[in-house]
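First the structure, in the form of C-alpha cells, and then the observations on it.
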Amino acid sequence: MSESYLTTPIYYINAKPHIGHAYTTMLTDAIARSRRLMGEKVFFLTGTDEHGQKVERAAQKANISTPTFADQVSATFRQMCRDLKISNDDFIRTTEPRHHAAAQEIWRRVERAGDIYKGEYEGWYCTVDEIFVPEAQLVDGKCPTCGSKVERLKEESYYFRLSKYTQPLLDFYRDHPDFVQPEFRLNEVRTFVEAGLQDLSISRTSFKWGIPVPGDPKHVMYVWFDALTNYLTALGFGSGDPAAEERIARLWPTVTHFIGKEIVRQHALYWPAFLMSAGLPPPRRIVAHGFWLMGGAKMSKSLGNVARYQDYVEVFGLDALRYFVMREMPLGQDANFSDEIILTRFNADLANDLGNLVSRAITMIHRYREGRVPSCPDEGRDALDRDLVAATESTIASVKESFRAIQVSQALQETWALVRHVNKFIVERAPWVLAKDPANDALLDRTLYHAADALRIIAALVDPVMPDAAERIRRMLNINAPEPWSSLAAGTLAAGTQLNPVEALFPRIEKTIEELRGMTTSNDSTPAPAPASTAAAPASAAPTPAPAPAPPAESTDSRISIDDFMKVELRVAKVLEAEAVPKSKKLVKLRVDVGTEHRTIVAGIAEAYAPDQLIGRTIVIVANLKPAKLMGIESNGMVLAASPEGGLPNLVAVDPSLPAGSRVR
Ligand code: ME8
C-alpha cells in the first residue's frame, strides 16, 4: 500500500482561528480523505506554532501567563479540527517536550555541519510575520508582507550559513521542477535565491518564550527554525526511538506541505537549506494556495478583517462551508469570501443541483418501485443511457485525476457537470410521464436505475469534500460504507436494494443576507486573546466583513477616491430608546434622532452594552444605508463601532454637545 505524509502549517496562537486557517486545514483534509479513498495510507499532521515574541506579548496583553495563554488558544485550533471534521492523525504543539527535543537535535546537526556561527544582528524585524526584513525591502518603512510596523533590533545572535546553500538550492530546484505547486511560485523563490542569499539570524536574546539554543540557553531559537522542525518531530525525530528512524525513512520522502502563499520562502528556501545542512532530504512537495480576501485585503488576524468559521457552519452547515471554500478557490489564486457568494452557491449548487437530484431520484424509486432499486438489463439501452454511463465513467476518472493534482475546485466542477447531466437525463426521460403507462416499464426501470447509480457515484466523489452529505446519500441508498475509489464504476448498484426514506439534503435558504446575519449568534466562550491590532468594523451582527485598515503588499489596490467615501453619509445621532431584540444575543433595537427625523436602527452591540447604557448616548451612524430586515425588524442605518478581533464592539464616540444630524467626514 502506498503511503503519504500531509501537513498543514502549524498556526500561530496570537489569536483564534479564522476562515483562512480553516481553509488550509479543510483542503489538506479533503486531499487526505481522497487519498485514503484511493487506497493510500495517509499520515496527516496539523498543530500550533506557539513560541515567539508575538505570543509572549499577546499573553501579556491578555494578562495571562504565557503557558496558560498558549494552552487556551491552542485548544481553539484543536476544537476547530473537531468542528470541521478534520481527519488528522496527530496535532502537534511546539511547546511539547517531543518538539523541544527535535528542534534541539536539528540545531545540533546543523551546528556539527559547521553551519552555525555567532554574530550580532542589527536590523528590522516584523513581529507579526516573525521575519527579519532587510532595509531595502521595507515598504514605506513597514513590513513588505503584511504592512505592519517593523522594530529595530540590535542583539547578539547565532547565524545560519544560508549563503552556502545558494548553489545547492538552485541545483535542487533545477532537478525538482515540481517542488512547488503552482510552478510560478517556485520561479519567484528561484529568482530570490539567484540574487544571492545572506546568512540568516536564527536566535534571539531579547525574550525568553522559545526553545533554548543547546549549550547557550541565553538564546532562544528563531521561531521559524523551531516551527519548521515540527514536521519532523511528529515522525519521532530527536526521540532516540529506533522505530522513529524507520518511520522517518518511510514517510519523510513522501511529505507534502500545504501552506498559504505568504510562507513559501520559509518552506521552499529556509527549510530545504536547514534539512540539507542536517543531512536530510528536502520535502517532496510544497502546495501554496492563495489568500481569502475580505474587503479587498488578505483576511488576517493582525488586520482584524476576519470571518469566523463557526458563524458559517452555524448558518450554512459544515458541508456547505467545506464545499464553498473548495469550489470557490482554484489552487494558487486568491478568492473573495463573502456572504452573498456563499448564499448564491448554496442555493444554486447544493439546494438546486445536488439537493434536487437526491430528492428526485430517491423519491421516484419510492413512488414508482416501492423503494426497490429496479434491475437494468443491458438490452434496450439507448443513446441517453449510454451517454450517462459514459459521462459517469469519465467523471470518475477525471475527478480522481484532479484530486491527485490537488485541483479540488476542478474536481467539484467535474462532479457538478455530472450532477447536471443526471438532472437533465431525468427531465428528458420524464419518469412521471413514463409511469402512466405500464408499456414503459422497462424504460422507467432503466431510467430510475441509472439515476440512482449515478447518485451513488456522486456521493463517493463528493466524500472528501462533504463527508456528511456523502454519508447521508449513502444512507438513503442503503450503502453501509464509503466505496473505495479503486473499484468505483458505473452500474454496480445492486438491483433490489431497498432504499431508506428520502431526507432533505440541502434545503433551500430563502432568507436574505441581512436576515441570515441576524440569525448568527456567537458561540464563542473561550477567553479572547489580545489582538495584534484592531480595525473599525460595522456593528451589525457577524459575519459582516470589516474593512481592512491597510492592504498588504500582495493584494490588489483597494483604496477608494474621496468621491467614493463621500457617498457614505456618516451622521451624529442621539439614542432616544433602546431595547434588546428577543431571541438574539447580539442585536439591540435603537430609536435614534438623526436631526431631521427619528428612525429605528438594529445594531449588533447587545453583548457590549445594556439597553439603558445606550439611552442618551451620542453616536455615529451610516445614515444612507438601504433598509435591511434583521430578525424581522427593519433597520434604517448602521451604528459605527470599533471591533477588536475576538472582542466586543466599542461605539465610536463624538463630543456629546454636537447636534444630531451633524455630518461626520
Ligand atoms: O504563518 N487566506 O502561522 P499563521 C488563506 N506559524 N489562508 C490563510 C489566510 C488567508 N487570508 N490567513 C491564514 C504561520 N491562512 C506560521 C506557520 S509552519 C511551520 C509555521 C492560512 O497562523 C494559510 O495556510 O500566520 C497560511 O499560510 C497560514 O494560515 C498562516 O497561519
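The values are calculated or read from the model by the stated rules, or taken from the named source; none is laboratory data. Note that the structure is a prediction, hence the values are computed from the model and not measured. Cβ atoms come from the backbone with ideal geometry, glycine included; neighbour counts cover every protein chain shown. Just so you know, the surface numbers come from the protein's heavy atoms only, side chains and all, with ligands and any DNA or RNA stripped out. Shrake-Rupley method; radii C 1.70, N 1.55, O 1.52, S 1.80 Å.
Can you list the aspartates and glutamates whose alpha carbon is less than 16 Å from that of Lys118, not counting same-chain residues fewer than 8 positions off?
Excluding near neighbours in sequence, the set is Glu155, Glu156, Asp199, Asp216.
Is the shape of the stretch 443-523 best called rounded, prolate or oblate, per the rule: a/c under 1.5 gives rounded, else a/b larger than b/c gives prolate, else oblate, with a ≥ b ≥ c the square roots of the Cα gyration tensor eigenvalues?
prolate
Give me the compactness ratio for the stretch 335-487, meaning the Cα radius of gyration over 2.2 N^0.38 Å. Display every interim value, and only then the final one.
Numbers: Rg = 16.0 Å, N = 153, 2.2 N^0.38 = 14.9 Å.
Compactness ratio reported: 1.07.
Between rounded, prolate and oblate, where does the stretch 189-272 land on the alpha carbon gyration tensor, with a ≥ b ≥ c its root eigenvalues, rounded for a/c under 1.5, else prolate if a/b exceeds b/c? Write down the numbers at each step before the final one.
Numbers: a/c = 2.17, a/b = 1.07, b/c = 2.02.
It comes out oblate by the Cα gyration axes.
Tell me which of Val594, Pro627, Ala397 sits at the most positive position along the dipole axis of the chain, charges placed on C-beta atoms (Lys, Arg +1; Asp, Glu -1).
Positive-most Cα among the choices belongs to Val594.
Could you work out how far the C-alpha centroid of the stretch 561-621 sits from that of the stretch 36-80, in angstrom?
37
Relative contact order for the stretch 3-289: what percent, with Cα pairs under 8 Å and sequence separation of 6 or more?
Values: 492 pairs, mean separation 63.2, N = 287.
Result for the stretch 3-289 is 22 percent.
Amide H neighbours of Val133 under 5 Å, counting only residues 5+ apart in sequence or on other chains, H built in-plane at 1.01 Å?
Trp124, Tyr125, Cys126
Restricting to Cα pairs below 8 Å that are 6+ residues apart, what does the relative contact order work out to for the stretch 335-487? Please round to a whole percent.
Numbers: 119 pairs, mean separation 41.4, N = 153.
Rounded, it is 27 percent for the stretch 335-487.
Could the peptides 126-138, 18-30 be put in order, highest first, of the mean number of other beta-carbon atoms found within 10 Å of their residues?
Numbers: 126-138: 16.8, 18-30: 24.3.
The densest-packed peptide leads the list: 18-30, 126-138.
Can you order the peptides 309-318, 1-10, 576-585 by their average number of other Cβ atoms within 10 Å per residue, highest first?
Values: 309-318: 21.6, 1-10: 19.5, 576-585: 15.1.
Result, highest mean first: 309-318, 1-10, 576-585.
For the stretch 294-330 and the stretch 382-405, what is the separation of their Cα centres, given in Å?
31
Give the accessible surface of the stretch 335-487 per residue, rounded to a whole number of Å², with probe radius 1.4 Å and ligands, DNA and RNA excluded.
Values: 6090 Å² over 153 residues.
Averaged over the residues of the stretch 335-487, the accessible area is 40 Å².
Might you tell me the accessible area per residue for the stretch 3-289, computed with a 1.4 Å probe and given in Å²?
Numbers: 10340 Å² over 287 residues.
So the stretch 3-289 comes to 36 Å² accessible per residue, rounded to a whole number.
Bin width 10 Å, origin at 0, all Cα-Cα pairs of the chain: what percent of pairs per bin?
3, 14, 22, 22, 18, 13, 7, 2, 0, 0
Heavy atoms only, probe 1.4 Å: what % of the accessible area of the chain goes to carbon and sulfur, would you let me know?
Details: 13760 of 26700 Å².
Here it works out to 52 percent.
Report, for the chain, the % of DSSP beta bridges that are antiparallel, rounded to 5. Please report the intermediate quantities before stating the final value.
Values: 54 of 78 bridges.
Counting only bridges with both partners in the chain, antiparallel ones make up about 70 percent.
Under 17 Å Cα to Cα from Lys574, which aspartates and glutamates show up? Leave out anything in the same chain fewer than 8 places away.
Asp593, Glu597, Asp612, Asp655
About the Cα centre of the chain, what is the dipole size in debye to 20, counting +1 per Lys and Arg Cβ and -1 per Asp and Glu Cβ, all else neutral? Walk me through the numbers on the way to the answer.
Working: 76 positive and 82 negative charges, 161 e Å.
That gives a dipole near 780 debye.
Among Phe425, Ile479, Asn440, flag the residue with its Cα farthest along the positive direction of the charge dipole of the stretch 386-496, charges on Cβ as +1 for Lys/Arg and -1 for Asp/Glu.
So the residue we want is Phe425.
Could you sort the peptides 629-640, 50-61 by per-residue average Cβ neighbour count (10 Å cutoff), highest mean leading? Mind dumping the intermediate values first?
On the way: 629-640: 19.3, 50-61: 21.8.
For the peptides 629-640, 50-61, the packing ranking is 50-61, 629-640.
Aspartates and glutamates within cross-link reach of Lys629: Cα-Cα under 14 Å, excluding same-chain residues under 8 positions apart?
Those aspartates and glutamates meeting the cut-off are Glu510, Glu514, Glu515.
What is the distance, in nm, between label points placed 7 Å from the Cα along the Cα-to-Cβ direction at Asn624 and at Ile248?
According to this spin-label approximation, the distance is 6.5 nm.
Can you find, among Met1, Pro282, Ile341, the residue farthest towards the positive end of the dipole of the chain? Put +1 on the C-beta of Lys and Arg, -1 on that of Asp and Glu.
Ile341
Tell me whether the stretch 3-289 comes out rounded, prolate or oblate; compute the Cα gyration tensor, take square roots of the eigenvalues as a ≥ b ≥ c, and use a/c under 1.5 as the rounded threshold. If you can, show how the numbers build up before the last one.
Values: a/c = 1.33, a/b = 1.13, b/c = 1.17.
Here the stretch 3-289 falls in the rounded category.
Take every Cα pair under 8 Å in the chain that's 6+ residues apart, average their separations, divide by the length, and report that relative contact order as a whole percent.
Values: 1272 pairs, mean separation 92.4, N = 665.
Relative contact order for the chain comes out at 14 percent.
For the chain, give me every cysteine whose Cβ has no other Cys Cβ within less than 4.7 Å, ordered by residue number.
Cys81, Cys146, Cys376
For the stretch 434-510, run through the GluC sites (Glu not before Pro) and keep only the ones in DSSP coil with at most 11 other Cβ atoms within 10 Å of their Cβ.
Details: sites: Glu471, Glu503, Glu510; in loops: Glu503, Glu510.
Within the stretch 434-510, the qualifying GluC sites (Glu not before Pro) (loop, at most 11 other Cβ atoms within 10 Å) are Glu510.
Please list 3J(HN,Hα) in residue order for the stretch 176-183, calculated via the Karplus relation 6.51 cos²θ - 1.76 cosθ + 1.60 where θ = phi - 60°; whole Hz, with x for glycine and proline.
Listing the rounded values in order: 10, x, 9, 4, 10, 10, x, 4 Hz.
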